[in-house]
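Before anything else, here's the structure in question.
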Amino acid sequence: MASEVESDLAAAQQLRDTCAAVRKQVGIAVVGQHQVIEQLLIAVLAQGHCLLEGVPGLAKTLLVRSFAAAMDLSFHRIQFTPDLMPVDVTGTDIIQEKAGVRELVFEKGPIFAQLVLADEINRTPPKTQAALLEAMAEHEVSVGNKTYPLAEPFFVLATQNPIEQEGTYPLPEAQRDRFLFQVRVDYPSRNDEAEIIDRTTGASPAPLQPVVSGDQIVQFQQLVRKVPLPDHVKQLVLDLVRRLRPDDPDALPIAQSAIQWGPGPRACQQLVLAAKARALLEGRHHVTREDVVALALPVLRHRIVLSFVAEADGLLPDDIIEQALEHFQTD
């Protein structure tokens with residue numbers, strides 16, 4: 001037993017060192033955005049997918065490409081457009097002739113990569129968006145009567161533009177719920193923007209070097225699940241999520257008036273997994289309330305459907321979650 005504990009402690013230190021190396025490599029290509037990078041690292045460790053939301057030109061695509069390069073993962077980018085079909089994502093059976101015999105051969109689509117960038121996912125119709133659903137949930141793709149497994153680890157990082165609504169198809173609630181985080185990518189600071197100008201208008205930067213393999217990432221994901229969850233932290237997760245459901249007996253007053261549909265059980269599961277990953281990155285071997293509070297916004301904001309009254313008043317999911325967190329801080 002003691003040797004197993006020592007092994008886990010050594011693995012936890014290796015995880016932190018590796019994540020620091022990933023940050024350093026990504027920082028060669030991407031200026032600033034430290035919180036976004038941190039949340040993407042947590043998502044990787046917690047086996048989650050991310051929805052990145054931000055206006056054009058904030059290096060969302062570059063950020064995802066840099067992650068794939070630093071982690072030595074196979075990478076495909078899918079540019080979602082209104083005419084994209086499900087088979088353009090998953091692949092399809094094609095007829096090939098060999099030695100005079102015709103046979104059906106499966107031609108893999110771009111979803112068959114360890115890290116998939118679903119660029120501008122809200123620009124394609126729901127039928128094509130749904131082609132990602134099975135892959136994200138089950139890590140496999142079904143075509144015809146056959147099922148094809150995806151290589152592990154497998155992540156979908158999707159981007160969407162929050163301000164341009166014409167010609168877009170907002171993700172259905174069931175599809176949004178598959179994402180661990182909805183990450184807000186904001187404008188850079190003045191100093192960071194000055195650094196961006198210097199880097200992108202001068203000599204080309206050196207290529208990024210991979211610092212971790214897919215097999216190592218899978219081992220880190222298994223380690224995350226071993227992190228203990230104290231009962232009082234579990235109760236905080238349950239209280240927070242359940243009080244954001246308007247029909248729950250313990251719902252907060254603002255939830256009863258401002259929320260039409262609240263977060264489901266997957267929110268509890270993913271908030272705990274993300275908190276475990278954050279605890280390891282912070283050098284702790286158990287989850288604290290601080291981990292839950294720090295990740296409540298990216299885990300919960302896309303799982304809340306506002307009421308008409310809330311939308312009319314200009315409320316955002318973040319406003320309600322922050323009020324809920326203030327409620328727990330005063331308990």
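Throughout, read-outs are computed from the coordinates displayed, never taken from laboratory work. Small disclaimer: the values here were computed from a predicted structure and weren't measured. Using ideal geometry, Cβ is built from the backbone for each residue, glycine included, and neighbour counts are taken over all protein chains shown.
Give me the extension gain from Glu195 to Arg284: residue separation times 0.36 nm, minus the current Cα-Cα distance, reported in nm with one decimal.
On the way: separation 89, 0.36 × 89 = 32.04 nm, distance 3.34 nm.
Stretched fully, the Glu195-Arg284 segment lengthens by 28.7 nm.
Now for a separate question. Say the cut-off is 23 Å between C-alpha atoms; which of Lys60/Lys146; Lys108/Lys146; Lys98/Lys127 go over it?
Those over the limit are Lys60/Lys146; Lys98/Lys127.
Round to a whole angstrom and tell me the spacing of the C-alpha centers of the stretch 209-245 and the stretch 81-98.
36
To one decimal place, what orientation-averaged projected area in nm² is obtained for the convex hull of the Cα set of the stretch 227-331?
So the mean shadow area of the Cα hull is 6.3 nm².
Which lysines, if any, have their Cα less than 17 Å from the Cα of Lys226, not counting same-chain residues under 8 positions apart?
Lys234, Lys276
What FRET efficiency do you get for Val293 and Glu134 if R0 is 22 Å and r is their Cβ-Cβ distance, rounded to the nearest 0.05?
Values: r = 33 Å, r/R0 = 1.51.
Plugging the Cβ-Cβ distance into 1/(1 + (r/R0)^6) gives 0.10.
Ignoring solvent entirely, what values of log10 I(q)/I(0) come out of the Debye formula for the chain at 0.09, 0.14 Å⁻¹ when each Cα is a single scatterer?
Reported log10 I(q)/I(0), two decimals: -0.52, -1.21.
How many nm separate the modelled label positions at Ile94 and Ala11, each set 7 Å beyond the Cα in the direction of the Cβ?
In this crude label model, Ile94 to Ala11 measures out at 4.1 nm.
Now, a different point. What ranking of Cys50, Cys268 emerges when the number of other C-beta atoms within 10 Å of each C-beta is taken as an exposure proxy, fewest first?
Fewest-to-most ranking of Cys50, Cys268: Cys268, Cys50.
Turning to a different aspect of this structure: Suppose only helical runs count, i.e. DSSP H with n ≥ 4. What mean residue ellipticity at 222 nm does that imply for the chain under -39500 (n - 2.57) per run, divided by all residues and rounded to the nearest 500 deg cm²/dmol?
Here the helix-only value at 222 nm equals -14500 deg cm²/dmol.
Could you give the nm distance between label points at Gln219 and Ala206, where each point is 7 Å from its Cα heading toward the beta carbon?
2.6
Given +1 on the Cβ of Lys and Arg, -1 on the Cβ of Asp and Glu, and no further charges, what dipole in debye does the stretch 227-331 carry about its Cα centre, rounded to the nearest 20?
Working: 11 positive and 15 negative charges, 106 e Å.
For this selection, approximately 500 debye.
Here is a follow-up. Is any helix in the chain, taking whole DSSP H runs, at least 30 angstrom long along its axis by alpha carbon and on average at least -1.0 on the Kyte-Doolittle scale, and which ones?
Qualifying helices, which must be both long enough and hydrophobic enough, are 2-29.
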